[in-house]
Amino acid sequence: MLDASLKEQLQSIFASLEASYTFDVYASPQHESYAQLLELLEETAACSSHIQLHVNDGTDFCFKLLKDGKDTGVSFRGIPNGHEFTSLLLALLNSDGKGKNLPDEFTVERIKALSGTIKLSTYVSLTCTNCPDVVQALNIIAILNPNISHSMVDGALFEAETKELKIQAVPAVFADGELFHIGRGDLGELLAKLEAKYGSQNEKIEKAEQEFDVVVVGGGPAGSAAAVYSARKGLKVAVLAERIGGQVKETLGIENLISVPHTTGETLASDLKRHMQDYPIALFEHRSVESLELDGKDKVIHCTTGERFRSQALIIATGAKWRRLNVPGEAEYIGRGVAFCPHCDGPFYKGKHVAVIGGGNSGIEAAIDLAGICSKVSVFEFMEELKADRVLQEKLASLPNVEVFLNTQSTEVVGNGEKVVGLRRKDRATGEEREVALDGIFVQIGLAANSEAFRTLLNVNRAGEIEIDTCGRTSVPGIYAAGDVSTVAYKQIIISMGEGAKAALAAFDDRIRGAI
């Protein structure tokens, strides 16, 4: 199952393990996947003298991760193949304190301060690219807080459960048997939701104000470039980010980053983090900005965690998020027929009729992808023509099970209380409205700038983008913006990188000239 090259890599990865670990299996030999599970775990355990396999006869199909004979709180119901194999490896390394994705001390204290005993389960698809982020985040929480347990569940292997729970999108997280979270998510978001649901002793954690020469908000291409360029000037730099990589992490293939013929969003995000770690940059991941205030020339950033950061130069590179339709029924049926990721949730609609809202590149790419899975795909575009690249439109036109409706407004998501059953649409030319019977709706209508925390102090346009000059300066001296959150034309990775560098250089130039 594991080739020789991978086994060699695992031997190197596990060489630093200090504690003893056990894959404690509970499964019946009669289970159809029993041999496959044992083969994977046996070959993984054979890569380190610190890992052993213990097999018990059981009715469930799962294994727990034990550390020195004690439960770590992490378990897997299924075979962690595909993207989830990394989740297994990180569970081992993080239990040993060696994982590279372990959070900073403040976040660790927040996790330990969670109240109550919590049982978490995440239903995944082994082909889902968003699922590992959620699984790995919740595994970390379970490892760091002994009152919390987390189990990854392969939805395909436990199909009856997914149907009983009416799961139509992954990852789907259940907390103590109740649906808790659906779709992509990171440690910061999930931790905040756990704090809101179960309470926390967070008030006991010290939250001293920290001061830097430059604070960069956002860890995507623009924020990373701004941080590196600022650090290279010898400045004391902090990066506050919900996640390093930002929106890039949701991109599967990247083929237009000049000099890099092909990479993935996940790889690029890791490369951005590694590059910043080459410099004395303070990385504060899993942070969301709540508000910004001015104190003389100082900018004081308030995070939702209660932390405060002060600097004379602030570079905003918070990027953008997926737009929503904002029509009746949409919010109620997210995860129950309304989806945003065709790669992750498309398999749930195999052989069914779905709609794609949006005729830009992302919408037409989604329609092409879904056409290979679904019985029928209906594309609804608000404008009088598709906005996607010609090559994508030509590919779409060649598909027999795709229909396109132009000049069409989506007015309501229709559901039966449990799931989506249709979409109300309006012909913008005639004003006629009708309901189309559907099994699922994939919303692909572009991005909205993440500028909410800054709009009371800075000038923004109608789209919410922060207005900047040619050097990234905003309407307030000492505050700069770069990348997708700004008014810069063309939202591209390579442009965001350049804009981040430009904003950092402008901030340094203003500093040495006494403008800030």
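The values are calculated or read from the model by the stated rules, or taken from the named source; none is laboratory data. Everything numeric in this text was worked out from a predicted model, so none of it was measured. Glycine also receives a Cβ, built like all others from the backbone with ideal geometry; neighbour counts cover every protein chain displayed. Quick note on the areas: whole protein, heavy atoms, side chains included, nothing else; ligands and nucleic acids left out. Shrake-Rupley method; radii C 1.70, N 1.55, O 1.52, S 1.80 Å.
Within segment 397-446, how many residues are within 21 Å of R323 (Cα to Cα), free of Cβ contacts under 8 Å to residues at least 40 places away in the same chain and open to solvent by 60 Å² or more (accessible area, probe 1.4 Å)?
Number of matching residues: 3.
Is one or more of the residues making up segment 289-300 assigned to a helix (DSSP H, G or I), of a type outside the set (A, V, I, L, M, F, W, C) and within 30 Å of V170 (Cα to Cα)? So that I can check it myself, show each step before the final result.
Step one: filter segment 289-300 for residues assigned to a helix (DSSP H, G or I), giving none.
No, segment 289-300 contains no residue that is assigned to a helix (DSSP H, G or I), of a type outside the set (A, V, I, L, M, F, W, C) and within 30 Å of V170 (Cα to Cα).
Looking only at residues that are charged (D, E, K, R) and in contact with a helix residue (DSSP H, G or I) (Cβ under 6 Å, 6 or more places away or on another chain) in segment 483-516, which one is modelled with the highest pLDDT?
The selected residue is E499.
I'd like to verify a number: residues in segment 231-251 that are among the basic types (K, R) and at pLDDT below 95, how many?
Of the residues in that region, 2 qualify.
I need the strands (runs of 3 or more DSSP E) fully contained in segment 21-112, keeping only those with at least 2 residues that are in contact with a helix residue (DSSP H, G or I) (Cβ under 7 Å, 6 or more places away or on another chain) and more than 21 Å from P146 (Cα to Cα).
Answer list for segment 21-112: 51-57.
What about A226, is it of a type outside the set (F, W, Y) and open to solvent by less than 10 Å² (accessible area, probe 1.4 Å)?
Judged against the criteria, A226 is a match.
Take the residues in segment 383-417 that are among the β-branched types (V, I, T) and out of contact with any Gly (no Cβ under 6 Å at 6 or more places or on another chain), then tell me which one is nearest to A429 (Cα to Cα).
Restricting to residues being among the β-branched types (V, I, T) and out of contact with any Gly (no Cβ under 6 Å at 6 or more places or on another chain), the top hit is T408.
Which ones in segment 40-57 are under 24 Å from Q30 (Cα atoms) and either of a type in the set (S, T, N, Q) or in contact with a Gly (Cβ under 9 Å, 6 or more places away or on another chain) (or both)?
T44, Q52, N56
Inside segment 380-420, can you point out the residues that are in a strand (DSSP E or B) and more than 26 Å from the chain's Cα centre (by Cα)? Can you show your working first?
Restricting attention to segment 380-420, the residues satisfying the condition of being in a strand (DSSP E or B) are 380, 402-405, 408-415, 420.
Passing the criteria: F380, V402, E403, V404, F405, T408, Q409, S410, T411, E412, V414, G415.
Which of (1) at pLDDT 95 or above; (2) surrounded by fewer than 19 Cβ atoms within 10 Å (Cβ to Cβ); (3) touching a Ser or Thr at 6+ places or on another chain (Cβ under 9 Å) does S75 not meet, given it meets every other one?
Only one criterion in (1) at pLDDT 95 or above; (2) surrounded by fewer than 19 Cβ atoms within 10 Å (Cβ to Cβ); (3) touching a Ser or Thr at 6+ places or on another chain (Cβ under 9 Å) is unmet by S75, namely (2).
Residue under question is R324, and the condition is that it be under 22 Å from the mean Cα position of the chain (by Cα), surrounded by fewer than 16 Cβ atoms within 10 Å (Cβ to Cβ) and either part of a helix (DSSP H, G or I) or at negative phi (or both); does it hold?
In short, yes.
I want to confirm something. Restricting to segment 252-270 and keeping residues that are over 20 Å from L187 (Cβ atoms) and open to solvent by less than 60 Å² (accessible area, probe 1.4 Å), which single residue is modelled with the lowest pLDDT?
We begin by selecting, within segment 252-270, every residue over 20 Å from L187 (Cβ atoms); these are 252-264.
From the residues that got through so far, the ones that are open to solvent by less than 60 Å² (accessible area, probe 1.4 Å) too are 253-254, 257, 260, 263-264.
Working: G253: 74, I254: 84, L257: 93, V260: 94, T263: 92, T264: 88.
The residue in question is G253.
Do we find that D104 is in contact (Cβ under 8 Å) with a residue 60 or more places away in the chain, crowded, with 18+ Cβ neighbours inside 10 Å, among the acidic types (D, E) and in contact with a strand residue (DSSP E or B) (Cβ under 9 Å, 6 or more places away or on another chain) in this structure?
no
Looking only at residues that are open to solvent by less than 80 Å² (accessible area, probe 1.4 Å) and of a type outside the set (A, V, I, L, M, F, W, C) in segment 159-175, which one is nearest to G440 (Cα to Cα)?
The residue in question is Q168.
What about E203, is it assigned to a strand (DSSP E or B), of a type in the set (D, E, K, R), out of contact with any Pro (no Cβ under 9 Å at 6 or more places or on another chain) and open to solvent by 30 Å² or more (accessible area, probe 1.4 Å)?
Working: assigned to a strand (DSSP E or B): no; of a type in the set (D, E, K, R): yes; out of contact with any Pro (no Cβ under 9 Å at 6 or more places or on another chain): yes; open to solvent by 30 Å² or more (accessible area, probe 1.4 Å): yes.
When the stated conditions are applied, E203 does not pass them.
Of (1) modelled with pLDDT of 95 or more; (2) open to solvent by 10 Å² or more (accessible area, probe 1.4 Å), N81 satisfies all except one. Which?
(1)
Cβ-Cβ below 7 Å, separation at least six or inter-chain, first residue in segment 323-341 and more than 20 Å from A366 (Cα to Cα), second of a type outside the set (A, V, I, L, M, F, W, C): which pairs?
V327/S410; V327/T411; V327/E412; P328/E412; G329/E412; G329/G415; E332/G415
From the list G351, G306, G329, G359, which one is within 30 Å of R455 (Cα to Cα), open to solvent by less than 60 Å² (accessible area, probe 1.4 Å), at pLDDT 95 or above and not in a helix (DSSP H, G or I)?
The match here is G359.
Kindly check whether there is at least one residue in segment 309-317 that is assigned to a loop (DSSP other than H, G, I, E, B), open to solvent by less than 30 Å² (accessible area, probe 1.4 Å) and more than 23 Å from K387 (Cα to Cα).
Looking through segment 309-317, at least one residue is assigned to a loop (DSSP other than H, G, I, E, B), open to solvent by less than 30 Å² (accessible area, probe 1.4 Å) and more than 23 Å from K387 (Cα to Cα).
Return the pairs, sorted by first residue and then second, in which the second residue is among the charged types (D, E, K, R), the first residue lies in segment 210-222 and is within 17 Å of M497 (Cα to Cα), the beta carbons are less than 6 Å apart, and the residues are 6+ apart or on different chains.
Partner pairs satisfying both residue conditions: A222/E499.
How many residues does segment 138-196 hold that are in contact with a His (Cβ under 6 Å, 6 or more places away or on another chain) and assigned to a loop (DSSP other than H, G, I, E, B)?
0
Give the residues of segment 213-264 that are in a loop (DSSP other than H, G, I, E, B) and under 18 Å from the mean Cα position of the chain (by Cα), sorted by residue number.
G218, G219, G220, E242, R243, I244, G245, T251, L252
With hydrophobic (A, V, I, L, M, F, W, C) and either surrounded by 24 or more Cβ atoms within 10 Å (Cβ to Cβ) or modelled with pLDDT of 95 or more (or both) as the only criterion, which of A142, A156 stands out?
Result of the check over A142, A156: A142.
Residues I479, I495, I466, I512: which one is open to solvent by 10 Å² or more (accessible area, probe 1.4 Å), closer than 18 Å to G223 by Cα and hydrophobic (A, V, I, L, M, F, W, C)? Before you say what the answer is, go through the steps one by one.
Details: I479 fails: open to solvent by 10 Å² or more (accessible area, probe 1.4 Å); I466 fails: open to solvent by 10 Å² or more (accessible area, probe 1.4 Å); I512 fails: closer than 18 Å to G223 by Cα.
Of I479, I495, I466, I512, the one residue that is open to solvent by 10 Å² or more (accessible area, probe 1.4 Å), closer than 18 Å to G223 by Cα and hydrophobic (A, V, I, L, M, F, W, C) is I495.
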